[in-house]
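Below is one structure, written out as structure tokens; comments come after it.
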Amino acid sequence: MVKKMQKNDDIITTGQAMALVINAAIGIGLLSLPREVTSEAGPDGWLVLLLGGFFTLMGALAAAAIIRQLDGRTFVDYVCFVFGKPVGLILSILYGIYFIIVLSSVFRTFAEVMKNLALERTPREFLILSLMLVSVYLIYHGLEPTARFMEFILPLWFIPSVVILSLGLYDSDFGEFLPFLQTPLEKLLLGSLSTAMSMAGYEVLLVSAQSVSRHEKISYVMAVSIIVVLAFYALILVTVVTSLGIAETQRAIWPTLAMITRITVPGKILERLDVVVVIVWVVVVYTTVCAYYFAAALTFTNIFKAREFRSFIALLFPWIYFLAMIPQNVLEAESLAKLGGNMVIATSFAIPLLLLIGGLLKKRVKKDEA
Amino acid sequence: MKLKKFILICLSALSIFCLTGCWDMLDIDNRFFVGNIGLDKAEEGDKIEVTFTFPLVRKIAGGEGGSQGSGSSNIARVSTVADSLHQAIHHIAIRVSRQLFFEHTRVILLGEDLAREGFDWLINFISRNPDINRRGRILVVEGKAKDALAIKNDFETLLALYITDIFQNWTISSRFVEISIDDFMNQMYTTDGDALLPRLSVGKTDVSIGGAAVIKDYKLVGWLSEEETLGINFVMGKVRGGDLTFDEPGQHIPISFGIGKARSRIELLEAGPYPKFKIIEKVELNLTETPLEMKVDSNEKLKSLQKRVEEEVNSIILRAVNKLQKEYGVDLVGFGEYLYRHKPEIWKNYKDNWDDIFPNAEVVVETEVTIRSIGVSM
């Protein structure tokens, strides 16, 4: 039914789906992730990261299995089908709220970082509003143009940031990762949970799965994107910890930024890479918010079974903006991001898993009846 | 249709106001680029005396036009007394005509008196404010930082460049501490306030960097001489060049070596009530000066010379480590870090009382010297 409503060309290819997941997953997490994992596990942070990546991969594969069950239904329809209408609607609204919280925390963190990095006297309101308007402009045209943009922009920010990060490896001290395995197991597991929050992003694909062209390749899409995201985060963690040291990584609000602003290449050929970083940062945030904004609008459209998702873009706009303006300082903005991160446990792990089991059971019951 | 066109034109005209320009624009000619920050203890009370110097670009640029005889300096210097560095910036801001800009600050100088009182607030200030350049240098001045900033040197127009460029001679002399603000911050966080900083001595028309200031718990507790600094640099594997010179008994001029490569390793020999460490040092040297009557014409002579240098390096290292142990009681040679990283089980027994254990740790040094070249004469 929803398919009819959308234009025929609003279908995304496998590559676009991958770009969508990667772009959605790599967002503000890249700035704070080194701090989170090292405060949980110190020098064993990289283990925490790998564990978290493993959990994320499991969650993503569960989501892929759900997408294969959809059969042209929307995600909201499927949730209602499995859990019954009232519970299904509540869960779908939870997803919508989750997307809004993540969005506003990303917008807010974006503004905070920009104020510290480059535009000291530009008001937050202006930074947030201008980025919101630009993202509205993109997603207004639907999923296919959005995903096409993601696919196009991905190498443009991915390659420069990998180059910059590798520069940071010069003259770094890998001894920072010693001693090995001195962290208790429960701390490792707990830490990996917070890592998994930074790597989630596939729930965006889950709710817009109605537009993915080839459902049989979806597990492949998920696996490749999560591995790319994991590798990128691993590179960040290694560079930051080896150049800042564990103690300062735990103390800085955005350790990744602290690391990048001090990269010097011998001979002073390259110094002050801040400008490149600002550009990359804006693009990274832009792709993340576009993915989440679209997901939020689409979720509410499906909940209300509306014909036009564009009106929901406009309807959500003030809510996202005001939520982003609520935190009074950077610490409160952090706790807003934490709130969104905690909801990931539900939206990306618990609900997909329950949904998968419930859906399979329901299918079997139906078969038996037949 | 015409109306639509009209509205479109109006909109695009309006967009000029919000799409162009930069909110935070501050032209380069409206800034003063602070090159040095000097921090001293003020005469009165708990206050600090802050000195900034910044180049007057107009004068430096105009200097080529022939106005060199004007006599006034190219560099402006302002000082103020304040409670904190942040307050000092605001004090000075109302006295100068342009905005102060710290992203190109090259040097932070700490006066001796201030450093002895402690400067943990400075660490906090630097880490909290991202607009301080962290690729610069931080040094402790023997005397007052203010006096060091008043030096008129003949080598460089800019004092900040003069000081930072001395650091590039690190490969020629390993007798000072090569550390940037960034590495310093990293170390202060890791060790919670212990570090070695380069020492700056003030001359009449120049400055010299040599030796080290020993920082313990964010306070200056004493100095290391140039030779002791060389010893510590040997242990830390930070020697990249420099010279080794010592008297040969019975000869009227000393023997000189240039240092090629140096590598070092720490080993734990015993983990009793007090640990016993072994420092293994591998040094490559080039013979550069000998008394004329001393001929190095056989391998045996070279071998005995190597032995002689090995003893010399051993004692340089041991003297330096012993000074840190007995006189200052601060672990700046990385014994604790070595245990933490490589022997975490053993470190657990020591870490609570490390301050008492470190001074009593036993240290042996084993140096292996290879003389790579003897020049083109025997």
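Summary of computed values
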| quantity | calculated |
| --- | --- |
| Any hit, segment B:347-367, residues being under 26 Å from B:Ile255 (Cα atoms), outside any helix (DSSP H, G or I) and either out of contact with any helix residue (DSSP H, G or I) (no Cβ under 6 Å at 6 or more places or on another chain) or within 14 Å of chain A (Cβ to nearest Cβ) (or both) | yes |
| Test: residue in segment A:4-11 that is over 30 Å from A:Val277 (Cα atoms) and part of a helix (DSSP H, G or I) | yes |
| Of the criteria (1) more than 14 Å from chain B (Cβ to nearest Cβ); (2) crowded, with 18+ Cβ neighbours inside 10 Å; (3) in a helix (DSSP H, G or I), which one A:Pro327 fails | (3) |
| Qualifying positions in segment A:105-134 - part of a helix (DSSP H, G or I) and of a type in the set (Gly, Ala, Ser) | A:Ser105, A:Ala111, A:Ser130 |
| Failed item, numbered, when B:Asn186 is tested on (1) under 9 Å from the mean Cα position of the chain (by Cα); (2) buried (at least 20 other Cβ atoms within 10 Å of the Cβ) | (1) |
| Qualifying positions in segment B:184-203 - more than 17 Å from B:Trp121 (Cα to Cα) and either within 13 Å of chain A (Cβ to nearest Cβ) or assigned to a strand (DSSP E or B) (or both) | B:Leu196, B:Pro198, B:Arg199, B:Leu200, B:Ser201, B:Val202 |
| Test: residue in segment B:174-183 that is among the aromatic types (Phe, Trp, Tyr) and either in a helix (DSSP H, G or I) or within 14 Å of chain A (Cβ to nearest Cβ) (or both) | no |
| Verdict on A:Leu244 being out of contact with any Ser or Thr (no Cβ under 9 Å at 6 or more places or on another chain), within 9 Å of chain B (Cβ to nearest Cβ) and within 16 Å of A:Ser39 (Cα to Cα) | yes |
| For A:Ser104: the one exception among (1) among the small types (Gly, Ala, Ser); (2) surrounded by fewer than 16 Cβ atoms within 10 Å (Cβ to Cβ); (3) modelled with pLDDT of 90 or more | (2) |
| Residue in segment B:205-264 that is farthest from B:Leu149 (Cα to Cα), counting only those that are among the acidic types (Asp, Glu) and outside any loop (DSSP other than H, G, I, E, B) | B:Asp243 |
| Single condition A:Phe174 does not satisfy, out of (1) of a type in the set (A, V, I, L, M, F, W, C); (2) touching a helix residue (DSSP H, G or I) at 6+ places or on another chain (Cβ under 9 Å); (3) exposed (fewer than 12 other Cβ atoms within 10 Å of the Cβ); (4) under 28 Å from A:Cys290 (Cβ atoms) | (4) |
| Members of segment B:208-242 that are surrounded by fewer than 22 Cβ atoms within 10 Å (Cβ to Cβ) and free of Cβ contacts under 8 Å to residues at least 60 places away in the same chain | B:Ser208, B:Gly210, B:Ser225, B:Glu226, B:Gly237 |
| Residue, nearest to the other protein chains (Cβ to nearest Cβ), within segment A:162-174, restricted to residues that are among the hydrophobic types (A, V, I, L, M, F, W, C) and touching a residue at least 60 places away in the same chain (Cβ under 8 Å) | A:Phe174 |
| Yes/no for B:Asp29 being modelled with pLDDT of 85 or more, surrounded by fewer than 16 Cβ atoms within 10 Å (Cβ to Cβ) and not polar (S, T, N, Q) | no |
| Criterion (farther than 15 Å from B:Leu230 by Cα, within 14 Å of another protein chain (Cβ to nearest Cβ) and out of contact with any His (no Cβ under 8 Å at 6 or more places or on another chain)) met by exactly one of B:Lys343, B:Lys326, B:Lys301 | B:Lys343 |
| Output for segment A:106-141, where each listed residue is of a type in the set (S, T, N, Q) and under 18 Å from A:Leu331 (Cβ atoms) | A:Thr109, A:Asn116 |
| Which numbered condition B:Phe17 fails, given (1) more than 14 Å from every other protein chain (Cβ to nearest Cβ); (2) hydrophobic (A, V, I, L, M, F, W, C); (3) farther than 30 Å from B:Arg77 by Cβ | (1) |
| Close pairs from segment A:109-128: first within 10 Å of chain B (Cβ to nearest Cβ) and free of Cβ contacts under 8 Å to residues at least 60 places away in the same chain, partner β-branched (Val, Ile, Thr) and buried (at least 16 other Cβ atoms within 10 Å of the Cβ), Cβ under 8 Å, at least 6 apart | A:Lys115/A:Thr122 |
| Condition check for A:Ala295: outside any loop (DSSP other than H, G, I, E, B), at pLDDT 85 or above and in contact with a Ser or Thr (Cβ under 8 Å, 6 or more places away or on another chain) | yes |
| Qualifying positions in segment A:179-199 - touching a Phe, Trp or Tyr at 6+ places or on another chain (Cβ under 8 Å) and farther than 18 Å from A:Tyr233 by Cβ | A:Pro179 |
| Filter result (in contact with a Lys or Arg (Cβ under 9 Å, 6 or more places away or on another chain) and basic (Lys, Arg)) within segment B:234-276 | B:Arg240, B:Lys261, B:Arg263, B:Arg265 |
| Matching strands (runs of 3 or more DSSP E) fully within segment B:70-149 where at least 3 residues are buried (at least 19 other Cβ atoms within 10 Å of the Cβ), away from every other protein chain (no Cβ under 13 Å) and of a type outside the set (Gly, Ala, Ser) | B:107-111, B:137-142 |
| Filter result (of a type in the set (A, V, I, L, M, F, W, C) and either farther than 15 Å from B:Glu248 by Cα or not in a loop (DSSP other than H, G, I, E, B) (or both)) within segment B:292-306 | B:Leu302, B:Leu305 |
| Top-ranked residue in segment A:209-223 [being charged (D, E, K, R) and in a helix (DSSP H, G or I); ranked as modelled with the lowest pLDDT] | A:Glu216 |
| Positions within segment B:160-173 being away from every other protein chain (no Cβ under 14 Å) and free of Cβ contacts under 8 Å to residues at least 12 places away in the same chain, in sequence order | B:Asn169 |
| Segment A:133-161, subset of a type in the set (A, V, I, L, M) and within 14 Å of chain B (Cβ to nearest Cβ), residue surrounded by the most Cβ atoms within 10 Å (Cβ to Cβ) | A:Val134 |
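The values are calculated or read from the model by the stated rules, or taken from the named source; none is laboratory data. As the structure is a prediction and not an experimental result, all values here were calculated from the model. Counting neighbours? That spans all protein chains shown, and the Cβs are built from the backbone with ideal geometry, glycine included.
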